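Down below is the structure, laid out as structure tokens.
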DNA sequence: ATGGTGGAAGGTCCA
């Protein structure tokens, strides 16, 4: 099974890029964040025509929004309001075969890394805290958590650890909370499972840096976690950097993981698609 | 201390 996650920054504005990505990389399941569209205006047909018949969509007008588009049937579709944001930042579904999939868009947190003066940062910390609690007391079962977590935890997940220590997304309080959430759910970082932590790895490059590729001032804000029972099924994982260079690109690159589950064998990711070095 | 870019909404917010 091939699973992809991508902060698309408006699914309608970038529907051509989404279709190109689906044709070139053929994931079985695609998780999107920042779809920026109400559910009844979601471009379902574009996905149906490429074989993604099963949809779990939770969106709102103009901001946020998450979606799961799948070739595999989805059941038990649910969503939750985390940290009382009132935003559409989460949707979950069960994949045929029994894997529980959670798709998150964690709040970015604003500019000032102080929960006392910046309500957005406070909300981000509470959001992550609730995520830690939510998965801590569940029975061990196959599950996958993906999304734009808006935190780059490792020193090698940012272009400069020192320069970003006080920048929201890489502050010590966020990193600590990220690690606590990961540990509470016994989550395995599927991407770092294959790409060693001493290697620089990013999934986001700001629009504000004109030559993003050459400057390469990126951060790894997007993540794929799997429950420990699924870790032996992991076959490969990669940040797919190419779509960041496409015309009208999202500022985030998609991530793909391949798993051997059931009778669906994972295809190897094409050479040359991996990020870094 | 500021601005750089981008999408969507709609004369501004959020990232």
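The values are calculated or read from the model by the stated rules, or taken from the named source; none is laboratory data. Every value quoted in this text rests on a predicted model; they were computed, and no experiment measured them. FYI the Cβ positions are ideal-geometry reconstructions off the backbone, even for glycines, and counts take in every protein chain you see.
With the requirement that a residue be touching a helix residue (DSSP H, G or I) at 6+ places or on another chain (Cβ under 8 Å) and surrounded by 15 or more Cβ atoms within 10 Å (Cβ to Cβ), what does region A:1-14 give you? Break it down into steps so the answer makes sense when it comes.
The initial filter retains those residues of region A:1-14 that are touching a helix residue (DSSP H, G or I) at 6+ places or on another chain (Cβ under 8 Å), namely A:2, A:4, A:6, A:8, A:11-12.
Across region A:1-14, the qualifying residues are A:2, A:4, A:6, A:8, A:11.
Can you name the strands (runs of 3 or more DSSP E) wholly within region A:1-59 that have at least 1 residues being more than 18 Å from residue A:104 (Cβ to Cβ) and more than 11 Å from DNA strand B (Cβ to nearest atom)?
The qualifying strands (runs of 3 or more DSSP E) are A:2-7, A:54-58.
When both residues are 6+ apart or on different chains and their Cβ atoms are under 6 Å apart, which pairs have a first residue that lies in region A:168-183 and is farther than 14 Å from residue A:122 by Cα, and a second that is assigned to a helix (DSSP H, G or I)?
Close Cβ pairs satisfying both conditions: A:170/A:164; A:180/A:132; A:181/A:128; A:181/A:131; A:181/A:132.
Can you report the number of residues in region A:199-213 which are surrounded by fewer than 17 Cβ atoms within 10 Å (Cβ to Cβ) and closer than 22 Å to residue A:1 by Cα?
Selection size over region A:199-213: 0.
Please find, among A:216, A:157, A:122, the residue that is buried (at least 18 other Cβ atoms within 10 Å of the Cβ) and more than 24 Å from residue A:1 (Cβ to Cβ).
On the way: A:216 fails: buried (at least 18 other Cβ atoms within 10 Å of the Cβ); A:122 fails: buried (at least 18 other Cβ atoms within 10 Å of the Cβ).
Going through A:216, A:157, A:122 in turn, just one is buried (at least 18 other Cβ atoms within 10 Å of the Cβ) and more than 24 Å from residue A:1 (Cβ to Cβ): A:157.
Under the condition of being on the phi > 0 side of the Ramachandran plot and touching a residue at least 40 places away in the same chain (Cβ under 8 Å), which residue from region A:15-53 is surrounded by the most Cβ atoms within 10 Å (Cβ to Cβ)?
My answer is A:34.
List, please: which pairs have Cβ atoms under 6 Å, are six or more places apart or on different chains, and start with a residue in region A:243-263 that is on the phi > 0 side of the Ramachandran plot and touching a residue at least 12 places away in the same chain (Cβ under 8 Å) and end with one that is more than 16 Å from DNA strand B (Cβ to nearest atom) and assigned to a loop (DSSP other than H, G, I, E, B)?
Going by the 6 Å Cβ cut-off, the qualifying pairs are A:262/A:97.
Are there any strands (runs of 3 or more DSSP E) wholly within region A:76-163 with 2 or more residues that are within 16 Å of DNA strand B (Cβ to nearest atom), within 19 Å of the chain's Cα centre (by Cα) and modelled with pLDDT of 95 or more, and if so which?
Per the criteria, A:99-105, A:143-148.
Hey, among A:77, A:72, A:57, which residue is under 24 Å from residue A:130 (Cα atoms) and crowded, with 18+ Cβ neighbours inside 10 Å?
Unique residue meeting the criteria: A:57.
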